[in-house]
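Here's the structure, in structure tokens; my notes come after.
The values are calculated or read from the model by the stated rules, or taken from the named source; none is laboratory data. Being a predicted model, the structure only gives us computed values, none of them experimental. We place every Cβ from the backbone using ideal geometry, glycine too, and count neighbours over all the protein chains shown.
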Amino acid sequence: MLKLFGYLLKQGVATSGDYCAPLAEGVIGLPKFTDEVCAGTSCGACQTECPTQAINVTESDGKPDVTLDLGSCIGCAVCVRTCPTGTIANDNRTKVASDTRLDLIVSSTSKRTTSSNTTPQGIFERSIAARVVSTGCSACDLEIGACNNAIFDMERFGIHIVASPRFADVLLVTGPVPKAMHSALKSCYEAMAEPRIVIAVGTCAISGGVHKNGYTEANGVDKILPVDAYIPGCPPHPWSIIDGIRNVMKRK
Amino acid sequence: MNPKHEIVPISDREKKLNDWLKKPGGRLGHITSIDGKQLITLVLDTETGSSFCWETPIEHSTYPSLTHTVPQSHWYERTVWDMFNLTPTGHPRLKPNLLHESYAPDLVPLAHVEVNSLTAERRQYKPMEVTGEGIYEIPVGPIHAGIIEPGHFRFSCMGEVIFNLEIRLGYVHRGVERQMCSVPWRHQRFIAEAAASDSAAANAYANAIAIESLCEEATTARAEYLRSISLEVERLSMHISDLGGLAGDIGFLAISATMSRLRGSALRIGELLTGSRFQRGFICPGGVVSDPASNLMQIQKMTKQLQIELKPVLQFFFNNQVANDRMEGIGRVSPRLAIDFGLVGVAGRASNIDYDVRRHFARGVYRQDEIAIAIETAGDVMALARVRAREIETSLYLIVELIDRLPEGTVRVPLPEKLKSNQIGLGIVEAHRGELLHLIFTDNDGGVKRYAIKDPSVNNWTGLAISARNNLVTDFPLCNKSFGLSYSGHDL
């Protein structure tokens with residue numbers, strides 16, 4: 001046992017010091033628009049190649065306009081690789097959470113600034129208890145699990161994972177919520193005390209991702225419950241998840 | 001590798017399958033259907049690395065169940081009943097597997113035949129009841145206390161001892177197999193990866209092999225190596241995670257915390273290789289999407305470092321007396337039952353089944369003696385943990401070694417737009433949980449008419465139910481973690 005303590009002491013501190021560090025060079029995040037002008041509907045390569053129909057290329061007044069739904073994007077980087085003009089590039093930011101579904105739809109011409117109703121003194125400012133309900137492929141769950149490890153250590157930000165909805169302030173839902181989970185998810189939400197917050201974690205939870213429009217009605221959490229915040233990504237990086245929860249903590 | 005197609009009349013099916021399973025190297029790969037007019041029985045010969053696809057025409061949507069002589073078919077027959085409305089007559093415990101009460105009774109997702117009016121009774125699920133004085137039930141789930149996928153466990157107990165565990169799945173059934181047929185084959189890999197993201201690389205790899213066999217094209221040697229490296233990295237990170245989870249359930253938190261930190265290093269290796277922590281979007285039919293040439297040195301360095309760091313942690317874990325006491329003799333699955341229920345992967349090897357797709361369906365990447373044969377006979381939690389630990393060593397060795405031997409060249413070959421018509425394509429891969437199969441049937445125009453996935457968890461869920469029997473309720477988490485099964489991979 002003493003040897004084990006000795007070993008652990010020698011390992012030093014693993015916890016990461018920089019909050020929401022950008023992704024390392026070469027790591028694929030969500031796509032973003034650059035200032036390069038798109039080739040327009042005559043090209044449309046990104047739209048055809050996108051496996052989740054997240055991209056829509058249109059032209060208004062002869063000017064090309066591309067809209068990109070980050071809530072449907074699975075971060076496969078196919079658009080980044082196919083775009084001949086370099087209009088779409090890889091985004092290495094990990095602060096990607098947003099308060100509304102509309103904020104996730106970005107356009108190449110009108111750059112929207114994310115609006116957030118956060119205040120310095122939110123009700124869950126100091127600590128928040130989170131219940132995780134998984135309804136998907138387990139990638140997002142593993143990343144929420146990773147938030148708890150020594151590297152990201154989300155407990156230092158006052159975020160605790162709890163084992164019952166009765167103790168929870170926030171419900172983290174992962175996965176597209178297929179039909180067999182509809183009633184279980186609703187009863188979990190109803191068991192929570194108010195005020196309560198729902199966060200859709202990951203592309204499936206936001207829009208159904210690759211599973212949408214199937215016979216299992218797996219089209220995302222907001223078809224079942226009112227959603228207060230969205231964390232896009234497939235799966236979102238642990239920093240994105242921590243940042244998304246921190247955002248709702250600041251809410252009045 | 002295309003399986004050989006053979007028509008097997010319904011009268012011969014039972015005898016033929018029983019004979020096949022008795023011969024050395026004979027394995028049942030999958031039982032499914034294409035559109036509800038036939039039964040497909042995929043059998044494998046692990047000695048020669050070949051596969052056969054038996055097609056049995058079915059009339060009137062019923063066929064005799066094989067569960068009494070081939071126990072492992074019980075699970076497949078339930079799924080086929082759900083998805084194709086083919087009724088196995090004489091099945092001892094026929095009940096829905098994937099479709100729950102909330103689905104319309106006449107929904108038969110994969111059958112293209114007229115279905116007669118079906119009643120809601122068909123969807124009713126009755127768990128097996130154990131009766132007697134002092135017997136009580138513990139229901140758990142579908143939403144679990146931890147951060148894991150949903151599933152319902154029902155324990156029938158007497159005091160602290162589990163008599164029977166019934167596992168009900170299907171909560172994360174998302175309709176993956178039907179979705180696979182509705183998209184162009186170039187986009188299939190993204191859905192395949194999302195079938196079970198902890199085996200994303202394995203699923204993409206199996207999809208790529210199956211599609212390539214349907215194009216009658218082979219990828220480059222360099223791409224084949226890179227895919228194998230990717231698969232080993234995935235195995236490494238998941239085995240570390242599973243052993244850490246096991247330590248956590250024993251209450252050995254120093255080990256579980258260290259393991260979850262070291263899993264971060266394994267994920268970083270995957271990130272260097274593929275640009276993604278879960279190695280998504282990397283493997284594609286025809287090869288891989290990018291060549292990580294400039295990162296290979298760093299991957300080797302990190303792998304060697306991880307090897308050094310893991311060694312003492314594993315020693316602390318396996319030398320700890322309390323950990324040994326908690327794991328030894330717990331959750332035993334006998335070799336006989338393991339064979340009867342066709343257990344695969346780590347669970348199979350812990351019960352003396354010498355089967356590893358990397359050796360038996362070799363693709364020319366690994367050398368003959370390279371995959372250490374990690375076999376245990378005890379079949380208990382300890383045996384599973386030991387097999388995992390040894391496979392971690394093998395994976396660490398293989399990552400370094402395969403990079404050393406990596407051939408030069410390109411990493412992607414162009415594939416034709418259209419697949420070969422009326423063919424069967426099979427992708428078989430050793431995922432970190434075991435044998436993963438992707439089976440594709442094409443129609444007259446080269447479109448995909450049926451895409452079947454058999455996750456290793458399909459075989460092993462029954463193994464978990466067996467392992468829990470006659471153990472204490474408090475030991476169940478250990479049985480569960482030692483198997484480390486996928487809900488989403490099973491439910492699809």
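Points worth noting:
- Flag if residue B:333 is at pLDDT 90 or above, part of a loop (DSSP other than H, G, I, E, B) and more than 9 Å from chain A (Cβ to nearest Cβ): yes
- Qualifying residue in the range B:407-420 (condition: under 25 Å from residue B:50 (Cα atoms) and either free of Cβ contacts under 8 Å to residues at least 24 places away in the same chain or within 21 Å of the chain's Cα centre (by Cα) (or both)): no
- If you check B:464, B:472 for being among the hydrophobic types (A, V, I, L, M, F, W, C), within 13 Å of residue B:167 (Cα to Cα) and more than 13 Å from chain A (Cβ to nearest Cβ), only one passes: B:464.
- Filtering the range B:374-406 to residues that are within 18 Å of residue B:313 (Cβ to Cβ), charged (D, E, K, R) and either in contact with a Leu (Cβ under 7 Å, 6 or more places away or on another chain) or at pLDDT below 90 (or both) leaves only B:388.
- Restricting the range B:321-330 to residues that are surrounded by fewer than 19 Cβ atoms within 10 Å (Cβ to Cβ) and within 14 Å of chain A (Cβ to nearest Cβ), the residue that is farthest from residue B:74 (Cα to Cα) is B:321.
- Any hit, the range A:9-23, residues being more than 26 Å from the chain's Cα centre (by Cα), basic (Lys, Arg), in a helix (DSSP H, G or I) and within 11 Å of chain B (Cβ to nearest Cβ): yes
- Test: residue in the range B:69-79 that is at pLDDT 90 or above, loosely packed, with under 15 Cβ neighbours inside 10 Å and over 29 Å from residue B:181 (Cα atoms): yes
- Test: residue in the range A:33-41 that is buried (at least 22 other Cβ atoms within 10 Å of the Cβ) and either away from chain B (no Cβ under 14 Å) or under 29 Å from residue A:244 (Cβ atoms) (or both): yes
- The single residue among B:214, B:165, B:110, B:118 that is in contact with a helix residue (DSSP H, G or I) (Cβ under 9 Å, 6 or more places away or on another chain) and either within 12 Å of chain A (Cβ to nearest Cβ) or surrounded by fewer than 19 Cβ atoms within 10 Å (Cβ to Cβ) (or both) turns out to be B:110.
- Leading residue by the ranking (surrounded by the most Cβ atoms within 10 Å (Cβ to Cβ)) among those in the range B:125-143 that are out of contact with any Pro (no Cβ under 7 Å at 6 or more places or on another chain) and within 14 Å of chain A (Cβ to nearest Cβ): B:140
- Subset of the range B:420-439 that is surrounded by 24 or more Cβ atoms within 10 Å (Cβ to Cβ) and in contact with a Leu (Cβ under 6 Å, 6 or more places away or on another chain) - its residue that is nearest to residue B:389 (Cα to Cα): B:429
- Pick from the range A:178-222, criterion within 18 Å of residue B:151 (Cβ to Cβ) and small (Gly, Ala, Ser), ranking: farthest from the other protein chains (Cβ to nearest Cβ): A:187
- The condition of being among the polar types (S, T, N, Q), touching a Lys or Arg at 6+ places or on another chain (Cβ under 6 Å) and buried (at least 20 other Cβ atoms within 10 Å of the Cβ) holds for only one of B:351, B:395, that being B:395.
Residues are listed down the side, and each one gets a yes or a no for (1) at the interface with chain A (Cβ under 10 Å from one of its Cβ atoms); (2) in a helix (DSSP H, G or I); (3) under 23 Å from the mean Cα position of the chain (by Cα):
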position: B:246; (1), (2), (3): no, yes, yes
position: B:255; (1), (2), (3): yes, yes, no
position: B:258; (1), (2), (3): yes, yes, no
position: B:263; (1), (2), (3): yes, yes, yes
position: B:266; (1), (2), (3): no, yes, yes
position: B:269; (1), (2), (3): no, yes, no
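- Residue A:125 over 20 Å from residue A:228 (Cα atoms), surrounded by fewer than 24 Cβ atoms within 10 Å (Cβ to Cβ) and more than 7 Å from every other protein chain (Cβ to nearest Cβ): no
- Single residue of the range B:447-492 satisfying the filter (part of a strand (DSSP E or B) and charged (D, E, K, R)) that is surrounded by the fewest Cβ atoms within 10 Å (Cβ to Cβ): B:449
- Candidate set: the range B:192-209, residues that are of a type in the set (S, T, N, Q) and more than 7 Å from chain A (Cβ to nearest Cβ); chosen: the one farthest from residue B:279 (Cα to Cα): B:207
- Qualifying residue in the range B:297-307 (condition: at pLDDT 90 or above, among the hydrophobic types (A, V, I, L, M, F, W, C), in a loop (DSSP other than H, G, I, E, B) and in contact with a Lys or Arg (Cβ under 9 Å, 6 or more places away or on another chain)): no
- Residue identified as touching a Gly at 6+ places or on another chain (Cβ under 8 Å), at pLDDT 85 or above, assigned to a loop (DSSP other than H, G, I, E, B) and not small (Gly, Ala, Ser) among A:27, A:57: A:27
- Summed over the range B:295-311, the residues that are β-branched (Val, Ile, Thr) and touching a residue at least 12 places away in the same chain (Cβ under 8 Å) give a count of 2.
- Residue count, the range A:226-252 (criterion: part of a loop (DSSP other than H, G, I, E, B) and within 14 Å of another protein chain (Cβ to nearest Cβ)): 5
- Among the candidates B:101, B:59, the residue that is among the charged types (D, E, K, R) and in contact with a helix residue (DSSP H, G or I) (Cβ under 7 Å, 6 or more places away or on another chain) is uniquely B:101.
- Condition check for residue B:26 on (1) surrounded by 19 or more Cβ atoms within 10 Å (Cβ to Cβ); (2) modelled with pLDDT of 90 or more: one failure, at (1).
- Residue in the range A:160-167 that is within 18 Å of the chain's Cα centre (by Cα) and facing another protein chain (nearest Cβ under 9 Å) present: yes
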